[in-house]
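K.L.:
Pasting in a structure now, in C-alpha cells, and then I'll have a few things to ask.
Nothing in this text is a laboratory measurement; each read-out follows from the coordinates by a stated rule. This structure is a prediction, so every number in the text was calculated from the model and none was measured. Cβ: placed from backbone, ideal geometry, glycine included. Neighbour counts: every protein chain shown.
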Amino acid sequence: MVSPDLGDAAAKLSIVADEAGQLLKDARAGKGSVGKLLTDDSLYTELNGLAKDARVAVGKSTTKRRRWTSSSATAGRRCGA
C-alpha cells in the first residue's frame, strides 16, 4: 500500500511535470520571452554584432595605447630623461 504522503508527492510531481511540459511546448512555439529567444534569430544577430564591435573597439583602444606609450617613451628619451 502507498502511504498518503507518497501519493500526494506523486500527484504534485505529476502536476509539475505537466506544467513544465506546457512551458516547453509554448517556448518551442515561440510564445513568451523565452520562446522568442529560442525561435527568433534577431537577438543572436544583434549580440553577435555587438561582440564584433566590442572586439574592434578594444583593438583600436589597445593600438592607441601602444602608440601613446611608445611615443611618450621616445619623447622622454629625446628630452634627456
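K.L.:
Which whole-Hz ³J(HN,Hα) couplings does the stretch 6-16 yield from phi under the Karplus relation 6.51 cos²θ - 1.76 cosθ + 1.60, θ = phi - 60°, glycine and proline marked x?
P.N.:
5, x, 5, 5, 5, 5, 5, 4, 5, 5, 4
K.L.:
Now for a separate question. How long is the gain from SER14 to LEU37 if the chain were fully straight, where each residue apart is worth 0.36 nm and the alpha carbon distance is subtracted? Walk me through the numbers on the way to the answer.
P.N.:
Values: separation 23, 0.36 × 23 = 8.28 nm, distance 2.74 nm.
Separation in residues times 0.36 nm, less the Cα-Cα distance, equals 5.5 nm.
K.L.:
Mind giving me the FRET efficiency for LEU6 and LEU50? R0 is 35 Å, r the Cβ-Cβ distance, nearest 0.05 is fine.
P.N.:
Working: r = 51 Å, r/R0 = 1.45.
Taking R0 as 35 Å, the efficiency between LEU6 and LEU50 is 0.10.
K.L.:
Further, regarding this structure: Shape call for the stretch 4-76 from the C-alpha gyration tensor, a ≥ b ≥ c root eigenvalues: rounded (a/c under 1.5), prolate (a/b greater than b/c) or oblate?
P.N.:
Numbers: a/c = 12.02, a/b = 3.07, b/c = 3.91.
Oblate shape, in that a/c is at least 1.5 and b/c is the bigger or equal ratio.
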